[in-house]
1. Quick check on GLY320: is it more than 24 Å from PRO89 (Cα to Cα), free of Cβ contacts under 8 Å to residues at least 40 places away in the same chain and part of a loop (DSSP other than H, G, I, E, B)?
2. Can you tell me how many residues in the stretch 156-191 are loosely packed, with under 15 Cβ neighbours inside 10 Å, part of a loop (DSSP other than H, G, I, E, B) and either within 11 Å of the ligand (Cβ to nearest atom) or on the phi < 0 side of the Ramachandran plot (or both)?
3. Take the conditions assigned to a helix (DSSP H, G or I), surrounded by fewer than 23 Cβ atoms within 10 Å (Cβ to Cβ), acidic (Asp, Glu) and touching a residue at least 24 places away in the same chain (Cβ under 8 Å) and apply them to ASP259. Does it pass?
4. Checking ASN92 against (1) part of a loop (DSSP other than H, G, I, E, B); (2) in contact with a helix residue (DSSP H, G or I) (Cβ under 9 Å, 6 or more places away or on another chain); (3) at pLDDT 95 or above, which test does it fail?
5. Hey, can you tell me all the residues within the stretch 52-78 that are farther than 21 Å from PHE271 by Cα, over 21 Å from the mean Cα position of the chain (by Cα) and in contact (Cβ under 8 Å) with a residue 40 or more places away in the chain?
6. Exactly one of (1) modelled with pLDDT under 95; (2) in a helix (DSSP H, G or I); (3) under 30 Å from ARG139 (Cα atoms) is unmet by ALA334. Its number?
7. Tell me, yes or no, whether the stretch 352-375 has at least one residue that is of a type in the set (A, V, I, L, M, F, W, C), over 23 Å from THR458 (Cβ atoms), touching a residue at least 60 places away in the same chain (Cβ under 8 Å) and part of a helix (DSSP H, G or I).
8. Looking only at the stretch 376-417, count every residue that is part of a strand (DSSP E or B) and within 23 Å of PRO233 (Cα to Cα) and tell me the total.
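The values are calculated or read from the model by the stated rules, or taken from the named source; none is laboratory data. The model shown is predicted, which means the values in this text are computed figures rather than measured ones. Using ideal geometry, Cβ is built from the backbone for each residue, glycine included, and neighbour counts are taken over all protein chains shown.
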Amino acid sequence: MTTTPTVPALPDTAALQQLDAAHYLHPFTDHAALAQQGARVMVRGDGIYLWDSEGRKVLDAMSGLWCVNVGYGRRSITEAVARQMDTLPFYNSFFNTTTIPAVQLAAKLAQLAPPGFHHVFYTGSGSEANDTNVRMVRRYWDLQGQPERTVIISRRNAYHGSTMAGASLGGMTGMHVQGGLPIPGIVHIEQPHYLEHGAGMTAEEFGVHAASWLEERIRELGPDKVAAFIGEPVQGAGGVIIPPSTYWPEIGRICDKYDVLLIADEVITGFGRLGRWFASELYGIRPDLITFAKGVTSGYIPLGGVLVGDRVANVLRRGGDFNHGFTYSGHPVACAAALENIRILEEEGLVERVANDTGPYLKARFATLATHPLVGTADSAGFMAGLNLVKRKAATVHYQVRFDPVLRVGMLCRAHMFDNGIIMRAVGDRMIIAPPLVMTRAQIDEMVDRIRYCLDLTQAELK
Ligand code: PLP
């Protein structure tokens with residue numbers, strides 16, 4: 001890996017924190033708490049590590065926000081971006097024009113996508129891509145002579161973005177209560193969360209049961225009203241919720257039966273995170289549309305989009321104008337970054353490495369954390385993993401005793417991680433990771449050791 005050649009002089013942290021508190025409204029942030037603590041200023045990254053403005057090194061077990069798949073400090077991406085900036089920093093794809101990187105990336109994505117996908121619609125983010133899905137499936141049914149098919153079914157505790165449609169598709173109550181969401185035409189069923197809802201069943205039985213909630217809802221609404229179902233192959237922001245193996249095949253069967261379009265939101269799971277280019281292949285999902293973002297450029301430059309399967313693309317392409325798009329759809333610099341990012345993933349065999357080497361190794365090492373007195377379960381899929389902090393363990397997961405939520409044990413644990421050189425995210429009392437795909441076996445050992453150490457600190461604080 002190319003390292004960053006010069007280490008910048010450390011900036012004045014206190015001055016930056018003051019400016020930050022005075023002028024910067026952060027996303028998803030309690031600003032009163034932020035003003036009290038002061039933001040941590042990240043200044044540099046290399047591989048799986050970050051350095052803050054105090055010179056402290058941190059292992060980034062979250063890949064930024066689930067996105068820095070090839071790790072930080074990739075000079076070849078910087079160079080690809082600079083070359084494109086010099087040649088053509090911007091042109092759009094409206095009005096019968098295009099650019100070379102946008103075309104080349106579309107062709108590359110068609111090659112990497114599951115069978116039956118030959119087209120892409122570009123956006124600037126995952127949220128915009130899911131907004132695009134809403135408009136696209138409604139347009140599809142309109143063109144098919146079934147304009148009343150408008151409803152999209154999603155799941156509680158899903159995350160599909162932060163725009164009006166993205167947040168509505170998502171199933172986060174905390175988002176819905178701010179701004180009168182969901183918008184009309186989006187409904188939710190329960191998530192396939194074995195620990196929450198699967199007591200008394202095997203995981204496989206529960207998978208089929210959880211899928212049956214989709215069939216129930218389609219029948220309630222009337223199949224002729226339902227346009228699509230959307231789901232993340234593994235729920236990310238909801239807490240790395242890995243569905244039972246029986247769930248997705250059954251969802252596929254139900255969508256086929258009622259002719260409902262299936263959207264796989266692979267914003268997190270795409271581009272190798274689960275050891276496949278797209279996790280749909282891993283779980284036997286046969287989607288009509290695939291949302292992507294994040295890993296397509298490893299977050300170096302914003303880019304998102306929808307991979308459009310032939311069923312939908314053929315209808316749209318015959319259907320005249322689709323009055324939808326963004327200034328930055330197919331941005332040439334973002335597409336150039338994506339092409340180089342994908343080249344790196346291919347050249348270094350990172351997707352295969354997660355499938356056959358580091359993924360299984362992470363699974364085995366992460367599972368050892370379940371022996372810690374605070375940990376109820378520790379599970380993973382590829383390079384996504386999560387562990388539950390519990391007050392009392394039990395052999396049957398459904399009998400484990402949780403902490404009182406007011407104790408905010410997950411946040412205590414997260415703070416210990418942060419103070420001890422590792423970034424892990426807390427979703428309630430579930431601690432989750434999604435490390436860069438370049439993480440080696442030795443670095444997995446380092447990460448698991450640090451997590452264990454911070455679990456010890458958390459336990460000591462709770463006594
Ligand atoms: N979909 C999923 C599954 C996501 O995890 C995210 C972001 O975390 C989004 C959509 C939204 O993407 P963005 O933040 O790029 O708008």
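1. On the way: more than 24 Å from PRO89 (Cα to Cα): yes; free of Cβ contacts under 8 Å to residues at least 40 places away in the same chain: yes; part of a loop (DSSP other than H, G, I, E, B): yes.
Criteria met by GLY320.
2. 4
3. Numbers: assigned to a helix (DSSP H, G or I): no; surrounded by fewer than 23 Cβ atoms within 10 Å (Cβ to Cβ): yes; acidic (Asp, Glu): yes; touching a residue at least 24 places away in the same chain (Cβ under 8 Å): yes.
Criteria not met by ASP259.
4. Exception for ASN92: condition (2).
5. SER53, GLU54, GLY55, ARG56, LYS57, VAL58
6. With respect to (1) modelled with pLDDT under 95; (2) in a helix (DSSP H, G or I); (3) under 30 Å from ARG139 (Cα atoms), ALA334 is out only on (1).
7. Yes, there is a match, as at least one residue in the stretch 352-375 is of a type in the set (A, V, I, L, M, F, W, C), over 23 Å from THR458 (Cβ atoms), touching a residue at least 60 places away in the same chain (Cβ under 8 Å) and part of a helix (DSSP H, G or I).
8. Going residue by residue through the stretch 376-417, those that are part of a strand (DSSP E or B) are 376-381, 384-389, 392, 401.
Checking which are within 23 Å of PRO233 (Cα to Cα) leaves us with 377-381, 384-388.
Selection size over the stretch 376-417: 10.
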